[in-house]
Amino acid sequence: MTFPVIVPNIKVYQGDTFTASYVFNDKTTGLPINLVTAGWASWTAQWRPSSPSTDVVNFTVDATYASTGRIIVTATPVNTRLVKDGVWDLQATQSGTVVRTWIRGRVEGIGDVTRAT
């Protein structure tokens, strides 16, 4: 696997809760990687309008199922209101020293039609 893996565009509806789930498989066996025993931790994900931008929205990363290769990325309605077209990525640290960007992609920010009053 070449890192970072480019994933299909994610569509974020402004003002809605966003959730995406990713499973990382071993390229040799095809089985999910136990990310915990492999030492991967401190997962982070961010959106920006462009890579060099200082405007940022942090996603929440749930690594509860990392032992099964699954990482879940979420954003609250408050945060998705700030997301527009742009880019995002997901990275982690191994053994506290090695940083790897696992996936990256584009974001399509979609304006909500129905809004709370």
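Calculate the radius of gyration of the Cα atoms of the chain to one decimal place, then report Dmax, the largest Cα-Cα distance, as a whole number, both in Å.
Over the chain's Cα set, Rg and Dmax evaluate to 14.9, 52 Å.
Take peptides 40-52, 69-81, 96-108 and line them up by average Cβ neighbours within 10 Å, highest first, as a rough protection proxy.
So the peptides 40-52, 69-81, 96-108, ranked by packing, come out 69-81, 40-52, 96-108.
Can you give me the Cα centroid spacing of the range 1-31 and the range 49-117 in angstrom?
Value for the Cα centre distance between the two parts: 10 Å.
Near the amide H of residue 59, under 5 Å away, which other amide H atoms are found, from residues 5 or more places off or on another chain, if H is placed in the peptide plane?
Sorted by chain and number, the residues that satisfy this are 45, 46, 47.
Within 12 Å, Cβ to Cβ, of residue 108, how many net charges do the neighbouring residues add up to if Lys/Arg are +1 and Asp/Glu are -1?
After counting each charged neighbour, the total is +2.
For residue 114 and residue 6, FRET efficiency with R0 = 41 Å and r from the beta-carbon atoms, rounded to 0.05?
0.80
Using θ = phi - 60° and the Karplus form 6.51 cos²θ - 1.76 cosθ + 1.60, what ³J(HN,Hα) does each residue of the range 29-39 get, whole Hz, x for Gly and Pro?
So the J values, rounded to whole Hz, are 8, x, 8, x, 7, 7, 5, 6, 5, 6, x.
Each value in this text was obtained by applying a stated rule to the coordinates, not by laboratory testing. Keep in mind it's a predicted model, so treat the numbers as computed, not measured. Counting neighbours? That spans all protein chains shown, and the Cβs are built from the backbone with ideal geometry, glycine included.
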